[in-house]
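The values are calculated or read from the model by the stated rules, or taken from the named source; none is laboratory data. Not measured: the values here are computed from a predicted model. Backbone-built Cβ (ideal geometry, glycine too); neighbour counts: all protein chains shown. Ligands, DNA and RNA are excluded from the accessible area calculation, which covers all protein heavy atoms including side chains. Shrake-Rupley method; radii C 1.70, N 1.55, O 1.52, S 1.80 Å.
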Amino acid sequence: EADLFFSDQGQAVCAALGRRLEEMVDAKEGEYDIFLSYATSDTPIECPWLSPEWSGHGNFQTTLKAKLEMLDPSLRIFLDSVELQEGSEWQSQVENALRTCKLMACFVTPTYGQTKWTARELALADELGMRIVPINMLAVGSEWPPRGLLVMASTQYVPHDAGADRVAQQIHRTFQQARYKRDAEAALDTAKVAPPGEG
């Protein structure tokens, strides 16, 4: 066991955990890692082709949130039905949450993108250059991308029929890639501005 700790791999794991702990401590209230976007009218009842596991926590949004939190309890996930408080200025709260996220996972159903807010969230995420992971919640064999969502034509989706656990694993892996890319870019920027002899 001691050999693992002193190995390169052990030190890399410790360094990664240390960075994540620093991120958690530095995280500001109202900042999130992953934004879950969906049409509020969509429920497992409107999508009868979904397996029962997708309604294990009441609906597919809370099911995915729970699966992601089991994979990584430190994740800060924005799900409006959980985060928004009654009487709050919800429009600005949703937009601010989206602006702080590193990744948006969207539940693409027959109505996604046709509602004012899902179209707005998707457009803002695209404008911000955010990593977007579509979860294809359509019936197997449905046309991709759905009408009105051409922005997703070249984006690889995660199919719902892979199962909620596999979908959560893929989103978590994509989030980690986005986070590490951001960290690497920040390190490069720091190295570029460091005075000679300090970088």
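Conditions: (1) at pLDDT below 90; (2) within 20 Å of the chain's Cα centre (by Cα); (3) among the hydrophobic types (A, V, I, L, M, F, W, C); (4) open to solvent by less than 40 Å² (accessible area, probe 1.4 Å). Leu122 meets all but one. Number of the miss? Condition (1) is where Leu122 drops out. The residues of segment 46-65 that are assigned to a helix (DSSP H, G or I) and open to solvent by 20 Å² or more (accessible area, probe 1.4 Å), listed by number, are Pro52, Glu53, Ser55, Thr62, Lys65.
Filtered by the rule that a residue be out of contact with any Gly (no Cβ under 9 Å at 6 or more places or on another chain) and part of a helix (DSSP H, G or I), segment 103-130 gives Lys116, Trp117, Thr118, Arg120, Glu121, Ala123, Leu124, Ala125, Asp126, Glu127.
Scan segment 86-102 and give yes if some residue there is hydrophobic (A, V, I, L, M, F, W, C), assigned to a helix (DSSP H, G or I) and touching a residue at least 40 places away in the same chain (Cβ under 8 Å), otherwise no.
Yes.
Output yes when any residue across segment 177-188 is modelled with pLDDT of 85 or more and open to solvent by 40 Å² or more (accessible area, probe 1.4 Å), and no when none is. Yes, there is a match, as at least one residue in segment 177-188 is modelled with pLDDT of 85 or more and open to solvent by 40 Å² or more (accessible area, probe 1.4 Å). From the list Val151, Val167, Val133, the lone residue that is of a type outside the set (Asp, Glu), open to solvent by less than 90 Å² (accessible area, probe 1.4 Å) and assigned to a strand (DSSP E or B) is Val133. So, in segment 68-94, of the ones that are modelled with pLDDT of 85 or more and more than 12 Å from Ile34 (Cβ to Cβ), which residue ends up surrounded by the most Cβ atoms within 10 Å (Cβ to Cβ)? Here the answer is Met70.
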